[in-house]
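Below is one structure; the comments refer to it alone.
Any read-out appearing in this document is the output of simple, stated calculations on the displayed coordinates, not a laboratory observation. Keep in mind that what you see is a predicted model, and the values were worked out from it rather than measured. Please note: Cβ atoms are built from the backbone with ideal geometry, for glycine as well, and neighbour counts cover all protein chains shown.
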Amino acid sequence: MEIKTKDISVIIPIYNESTNIEELYNRLKNTLSKIVKHYELIFVNDGSKDDSLLKLIDLSQQDSNVFYVNLTRNFGHQIAVSAGLNYCNAETVVIIDADLQDPPELISELYAEHQKGFDVVYAKRRKRKGETLFKRITAKLYYRILKRMVPFEIPLDTGDFRLISKKVVKALQHMPEQNKFLRGQIAWLGFKQSYVLFDRASRKKGKSAYTYSKMFRLAIDGITGFSDKPLLWVSRLGFLISFFAFLLIIMAVISHFILERTITGWTSLIISAAFLGGIQLLSIGVIGEYISRINRNTINRPLYMIETTNVKLDKSL
Ligand code: UDP
Ligand code: MG
């Protein structure tokens, strides 16, 4: 039997979202059935510890548009979405969070914008509700810094909620890097991009699985994956500090031999030693981040492992 290409495929990463699945499914179904004839929902279960998987299997048995891909353990949000991209078969693909922070109804607007001829239509947050001040400020700051560090246009205030065309999905499959930062990869790819504004609601039920340490990881991957600037800064800083050290040496020599005054001062000594030690450790850390990236990519392990799925088609590399 030939597998038919759908109009829209929606990829939904799932980690402990049991309480959200039903409402999410209903709202997606309502929205999609209004705009296209053939669609599929691809739920990627990212090692949930609740009964999310059972609910997904249940749905897939009731509705032939529903598919699940069950990963062998928790691989993280970006990898779950990447797995979904290898299992979808449609002209356009929408990536959406399961916790209803991204309103499924917005897909009609994303699709309408896509039909004007855009290959990437991202959903740009006008407001973010229900998130801590700390998260809002760090996210805002982060994207603005990242934008200055990369040589291509990176959209501000957007997550992974977006629509991409088949062309973009194909291109992404040729970017098999390990430390995924999808929104960076898609921005790097270029193509015709547009956006739709929306107010981001707070999480419907359950709690965020994105801990600060996972957020920090993602932030570092975003930078190291697309910019070599930190390495440049570190070496410039090294030059600058060596230059000052050189001046200090000359000053010390002059004051000892010519002015015949030896500089005393334990405090200045210890402060500068501590300062230099800190800078050195930080620099080694920055270099380490890049080395770990090289390491992970040379090991060349698959991104994820699949335990079970009801999708017939596997496009994974
Ligand atoms: N998620 C996932 N794996 C993880 C963490 C999260 O698949 O390890 C999914 C989660 O189920 C949701 C989406 O990724 O669909 C976004 O996660 P979350 O709402 O926890 O992140 P936040 O909105 O707080 O950044
Ligand atoms: Mg969320």
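One table, with the values for the structure above:
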| read-out | value |
| --- | --- |
| Per-pair calculated FRET efficiency, R0 = 30 Å: residue 253 and residue 290 via Cβ, rounded to 0.05 | 0.20 |
| Burial order of peptide ranges 36-43, 208-215 (average beta-carbon count within 10 Å, highest first) | 36-43, 208-215 |
| Distance in nm between pseudo-label sites at residue 175 and residue 233 (7 Å out along the Cβ direction from Cα) | 2.2 nm |
| Helix runs (DSSP H) in the chain reaching 18 Å along axis by Cα, Kyte-Doolittle at least -0.5 | 133-149, 212-226, 229-253, 266-299 |
| Cα-projected label distance for residue 271 with residue 34, points at 7 Å along beta-carbon direction, nm | 6.5 nm |
| Label zone at residue 201 (point 7 Å along Cα-to-Cβ), backbone N below 13 Å, segment 128-161 | 129-130 |
| Sequence-separation-based contact order of the chain, relative, with Cα cut under 8 Å and 6+ spacing, percent | 23 percent |
| Estimated FRET transfer efficiency (residue 167, residue 243; beta-carbon r; R0 41 Å; 0.05) | 0.25 |
| Relative contact order computed over segment 42-114 (Cα-Cα under 8 Å; 6+ residues apart), in percent | 32 percent |
| Distance (nanometres) between label positions extended 7 Å along Cα→Cβ at residue 301 and residue 63 | 3.5 nm |
| Most mobile listed residue (303, 282, 248) in the chain, GNM with C-alpha springs under 10 Å | 248 |
| Rounded if a/c under 1.5, otherwise prolate or oblate - segment 56-107, Cα gyration tensor axes | rounded |
